[in-house]
Amino acid sequence: MLPPVFGVLFDGIAYGMLLFVLSVGLSVTLGLMNFVNLAHCAFAMLGGYVTVILMRDLHWPFFATLPMAFCAAALLSIVVERILYRRLYRASDLDQVLLTIGLAFISVAIAAWFFGTQQQPITLPSYLHGSFNVMGLNIAAYRLFLIAIGIVVTVMLIVTVEHTRFGAQVRAAVDNQRMARGLGIDVDRTFAITFALGSGLAGLGGALAIEIVGLDPQFAFTYLVYVLIIVSVGGLGSIGGSFAAACLIGVSDIAGKYYAPQLGAFLIYLVMVAVLMWRPAGLFGRR
Amino acid sequence: MNAAANPNPTVGRQNALSTRGLSKSFGSLTVANDIALNLPVGARYALIGPNGAGKTTLINLMTGMLAPNSGQIFLGGDDVTALAPQQRVRRGLARTFQINTLFAGLNALEAVTLAVCERRGVTGRFWQNIAVNKDAIEEAYEILVKLKLGDCCYQPTRELPYGRQRLLEIALALATKPKVLLLDEPAAGVPQEESGDIFEVVAGLSDDLTLLFIEHDMHVVFRFATHIIVLVGGAVFTQGTPAEIAADPGVREVYLGARKHG
Amino acid sequence: MTDIPTVAPQLYLQSRSRWRPIEIVFWLATLLPFWLFPDYLSLASQIAVASLFALSLDLILGYAGVVSLGHAAFFGLGAYTAGLFSIYVWGEVFTGLIAGAAVAALVGYASSFIISRFRHLTLIMITLGLGLLLHEAANSAGWLTGGSDGLQGIEVWKVAGLFSFDLYGVTAYSYTLGVLFVVFLAARRLINSPFGLALRGIRENFVRMPAIGADSNSHIRKVYTISAALAGVAGALIAQTTQTVSLEALSFERSADVLVMLVLGGAGRLYGGLIGAAVFMIARDQFSGIAPQYWYFWIGILLVVVVMLLPNGILGGLSKIFARWSRR
Ligand SMILES: Nc1ncnc2c1ncn2[C@@H]1O[C@H](COP(=O)(O)OP(=O)(O)OP(=O)(O)O)[C@@H](O)[C@H]1O
Ligand SMILES: [Mg+2]
């Protein structure tokens, strides 16, 4: 028999993987452009609603909806980037914050208009439903699935960033934008693609999150806080940092709820403030 | 300061500013390599070198805007390596910037008054009207007049012509009453015929002020400097009087040669 | 070339802080609700409180360029302190205000050491995180704050022993307007002081400040503390005039609302927060029939429009129009 701490650890890491998929895109785009995108979770929410519509109204299987969630968020992000974000890359933090908070507010209202303010449940396929027992540890199939997805996404990201031409451009641009431009890298285009991929991942995360944390119009703000915490704790532009921070925050949150429920979300805020006091640029940040 | 109690024996007080073993690298790029310099009190020194030689970086290191990887900086014989930039300014080390670094929304009078008030230590006073500090305002105005900025000092900085903005760079530095002034290409970007005006201002500065300026125009350098330091690839290549530098074939090659396509 | 400007420098700087007629008109206009809208005095007093809160944010955001997403922390601290003060000490209002301001200032001073170390995203995150932390703390400390039920049992005495808080809000509005005016005078003084000039320097060019010998961090710590104290006064006013304090006083929404008010009116202008608060609160009152999420839809649209088309808020837009008009 394993002590409950392993259960907490398992759930925490599964939760962390979800948070990682939600947040990694923001981290990379922030590292690239220093653009403070507080509407990131609105894209995640879009992915969630796409999955809900496809499953409930069109009876698609869960797995088939996931790529659609990704694509919907990615496509919308391209449009938004073109029309609005592009003009504010050189604007102040404040302008970026205001614009993107405004978009998040709008997304909340639109979601409420179409779907109401209630939670949107989905019915998972039976093989993701149950749980099984390993040495007294209750392992939920869906959480195992989340960990698998998290690992797949991480591996794919690392392969893309480390071993492709596009990845090299992204790395060069994050590292030193001025130099990258000098080398003839089209940083704006690189950014637009990265932004679309990152928002797509957020959309995927939104779809995956429904089963764990539910989906309602407030999603765009509730999870924004988590995502921002992970990004700043992990360090801007660092995939490894986001991964570590997501695990740290996921485990802290689950452990906090398990061992000290009266503290509420206190623990993760404390973790964040403490990490940033210790390392202002985050765990893996260089600036 | 215990640094003051233990002055470095190799750095005499006759030197207003000295560096010892100053090194800095960005990743694999070494931009300052074991730099040891002395600026005697009242010096008129020029710092020259091809683009990217690390001249601006050296000023950043001296003023504390960049932290060196190793080495020390001495101001009037005291080790100031550990001091923050503003503390060095208060001890008399001022600089200007190659690229205008001004207060775009303030007018020249406000900007220079701010610098004077900072020096006088009155900027913490949130309860009194700025106009109460008559002396500070008049001092600021005198500096502006001296730099021929008196007639446009109520105009927002961002609306000033570029040449005036370059002068305001110097005015802001002078308002700190420096003992040592480091000028980073004071006439950068100014048309040839106006750059003379700027250097006339520089030449007219008080004799006890120790001056180091970066400049690419060799005519200007030979005219105003009593001593020239040549920086190449982050290291001091050579230094000497203008005549020595002009006669040095190595300088011709590395510096003047590089300038042809620079 | 003449080197002599038309006005002497000292007189010029003095003249910039002189009262302009439009300001006097503005403050006289704040008295109009007593006669014109006697039914709306409680709204008017809420506007006065919101204005004060926006003014406090303006000091750090508009003048020193410190973006905060957690300013409600100090509003809430002031509100809970004043509420608890009236329950456990006494109901005298002015001492309650001072208590609220003092506690907010104390916490502001402590956190200013954190705030002043950061810029950009990290700063936004830290302010957000500290704000949420305090919200959670108040939620958990139900024995003190009443938790999600809010703080009950606040009773305040008559203002100056003469005027009790009436149903129509005559006393409430007179009281909040009076406090707002006094605080405004102080803020106006601050803006026109050497310290105010240094704050504008920080906003205009953070990099240059150390090069003129300025210790920006110490300025930021000071203004953050002052701003926290003023936000605490605003919170204390809301506790005293409504006689309840709920967790909402510490919420992210309140931080976001005050930011919206300020940028709507125009940050970095003394009257920006006041105008923005008035427009925001009146609009919200007019649209109070619609569900809150749709209200935020319009706020969202407004933010996008302000950022894209009206970068300096209403006052910035007006002064631009006025400048263009007077040039012709
Ligand atoms: N913050 C930085 N990060 C990375 N590299 C830098 C940084 N600052 C300067 N460099 C590099 O260091 C080298 C020296 O730069 P520096 O600005 O000191 O040159 P300089 O001699 O002033 O040249 P110029 O005559 O063009 O002004 C350059 O190659 C520059 O690209
Ligand atoms: Mg340079």
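The values are calculated or read from the model by the stated rules, or taken from the named source; none is laboratory data. Please read all numbers here as calculations on a predicted model, not as lab measurements. Please note: Cβ atoms are built from the backbone with ideal geometry, for glycine as well, and neighbour counts cover all protein chains shown. All accessible areas refer to the heavy atoms of the entire protein, side chains included, with ligands and DNA or RNA removed. Shrake-Rupley method; radii C 1.70, N 1.55, O 1.52, S 1.80 Å.
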Largest-first ellipsoid semi-axes for chain C, taking √(5λ) over the Cα gyration tensor eigenvalues, angstrom: 32, 24, 21
Carbon/sulfur fraction of accessible area - the range C:69-139, other protein chains in place, 1.4 Å, %: 75 percent
Heavy-atom accessible surface that C and A bury in contact, both chains counted, 1.4 Å, Å² to 100: 3400 Å²
Shielded residues, the range B:114-133 - accessible-area loss of 50 Å² or more between chain alone and all protein chains, probe 1.4 Å: B:Leu114, B:Glu118, B:Thr123, B:Phe126, B:Asn129, B:Ile130, B:Ala131
Protein-only accessible surface order, largest first, of C:Asp285, B:Asp184 at 1.4 Å: C:Asp285, B:Asp184
Accessible heavy-atom area order of B:Trp127, C:Trp27, C:Trp35, highest first, probe of 1.4 Å: C:Trp35, B:Trp127, C:Trp27
Straight-distance crosslink candidates among lysines, where the alpha carbon sits under 30 Å from B:Lys55 and sequence neighbours closer than 8 are dropped: B:Lys24, B:Lys146, B:Lys148, B:Lys177, B:Lys179, B:Lys260
Using θ = phi - 60° and Karplus 6.51 cos²θ - 1.76 cosθ + 1.60, couplings along the range B:80-89 (whole Hz; Gly, Pro as x): 10, 4, 8, 7, 6, x, 5, 5, 5, 4
Amide proton proximity set for C:His71, modelled H, under 5 Å, gap of 5+: none
Karplus-derived 3J(HN,Hα), 6.51/-1.76/1.60, for each residue of the range B:37-48, Hz, glycine and proline x: 9, 10, 10, x, 4, x, 5, 10, 9, 10, 10, 10
At least 20 Å² of accessible area lost relative to the chain alone, listed for the range A:16-46 with a 1.4 Å probe: A:Val36
Set of the range B:154-189 residues, backbone N closer than 16 Å to the point 7 Å along the Cα-Cβ line of B:Thr101: B:166-176, B:181-188
Surface accessible to a 1.4 Å probe, C:Val182 within the full protein complex, Å²: 100 Å²
Crossing angle, helix C:313-327 versus chain C [Cα axis fit, 0-90 degrees, rounded to tens]: 30 degrees
Kirkwood hydrodynamic radius (C-alpha pairs) into Stokes-Einstein, the protein assembly as shown, 25 °C and 0.890 mPa s, D in µm²/s: 82 µm²/s
Amide H contacts under 5 Å for A:Gly285, placed H, 5+ residues apart: none
Solvent-accessible area buried by pairing B with C, both sides, nearest 100 square angstrom, 1.4 angstrom probe: 3800 Å²
C:Phe37/C:Leu318 FRET efficiency (R0 25 Å; Cβ-Cβ; nearest 0.05): 0.60
For chain A, diffusion coefficient by Stokes-Einstein and Kirkwood Rh (Cα), 25 °C, 0.890 mPa s, µm²/s: 127 µm²/s
Calculated from backbone phi, Karplus (6.51, -1.76, 1.60) coupling profile of the range C:79-96 in Hz, x at Gly/Pro: 5, 5, 4, 5, x, 5, 4, 6, 7, 9, 10, 7, x, 5, 6, 5, 5, x
For B:Glu138, solvent-accessible area (1.4 Å; no DNA, RNA or ligand), Å²: 70 Å²
FRET efficiency estimate (nearest 0.05) - Cβ-Cβ, B:Arg158 to B:Ala82, R0 45 angstrom: 0.80
Computed Rg/Rh of chain B, alpha carbon atoms with Kirkwood Rh: 0.97
Solvent-accessible area, 1.4 Å probe, carbon plus sulfur percent, for the range B:101-177: 51 percent
Helix-derived mean residue ellipticity, 222 nm - over chain C, DSSP H n ≥ 4, -39500 (n - 2.57), to 500: -22500 deg cm²/dmol
Helical mean residue ellipticity (222 nm; -39500 (n - 2.57) per DSSP H run of 4+; nearest 500) of chain A: -25000 deg cm²/dmol
For A:Val36, distant residues with modelled amide H under 5 Å away: none
Accessible surface, per residue, of the protein assembly as shown when the full set of protein chains is kept, probe 1.4 Å, Å²: 42 Å²
Span from the the range A:74-143 Cα centroid across to the the range A:229-287 one, whole angstrom: 20 Å
Label point distance in nm, A:Arg87-C:Phe94, each placed 7 Å from Cα along Cα→Cβ: 5.1 nm
Degrees, to the nearest 10: A:141-163 long Cα axis against longest axis of chain A: 20 degrees
Accessible-area composition of chain A, carbon plus sulfur, in percent [1.4 Å probe]: 68 percent
Cα-based helix-to-principal-axis angle, A:165-175 vs chain A, degrees rounded to 10: 80 degrees
Whether the range B:101-177 is rounded, prolate or oblate, judged on the alpha carbon gyration tensor where a/c under 1.5 counts as rounded: prolate
Share, in percent, of DSSP beta bridges within the protein assembly as shown that are antiparallel, nearest 5: 65 percent
Pairwise FRET efficiency - B:Leu29 versus C:Leu144, Cβ, R0 = 41 Å, nearest 0.05: 0.10
Accessible area in the full protein assembly, largest first, 1.4 Å probe, for A:Phe166, B:Phe97: A:Phe166, B:Phe97
For the range C:46-105 and the range A:16-59, distance of Cα centres in Å: 36 Å
